[in-house]
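First the structure, in the form of structure tokens, and then the observations on it.
Nothing in this text is a laboratory measurement; each read-out follows from the coordinates by a stated rule. As the structure is a prediction and not an experimental result, all values here were calculated from the model. With ideal geometry, Cβ positions are generated from the backbone for all residues, glycine too; neighbour counts draw on all protein chains shown.
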């Protein structure tokens, strides 16, 4: 059952990425680009979570890599919010 939730979270984050990127191409508003890049990172983070918990087993731990990826994704969004002024 956990695999279903991990997959749904990954798919949802990917759809958010796609919708934000499509909105960016229409309006060229930079915050949409930074938000879409953040959700791309969160999609990869959720994919690593699914791989870590379901595919690789207890002997492999991707916890640190998942945290680093989530941190990078949030830093991209934070950069867009703070320093990218239109």
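A few points about this structure:
- Among 65, 83, 34, the ranking by other beta carbons within 10 Å of each residue's beta carbon, starting with the fewest, stands as 83, 65, 34.
- Counting only Cα atoms, the size of the range 2-82 along its three principal axes is 45, 24, 12 Å, in decreasing order.
- Helix axis angle, 30-50 relative to the chain longest principal axis, alpha carbon, degrees: 0
- Across the chain, the relative contact order, built from alpha-carbon pairs under 8 Å that are at least six residues apart, equals 34 percent.
- Put in line by how crowded their Cβ is, counting other Cβ atoms within 10 Å and starting with the fewest, 64, 12, 43 read 64, 12, 43.
- Hypothetical label at residue 64: residues of the range 10-49 whose amide nitrogen lies under 15 Å (7 Å Cα-Cβ projection): none
- Cα-based helix-to-principal-axis angle, 63-82 vs the chain, degrees rounded to 10: 10
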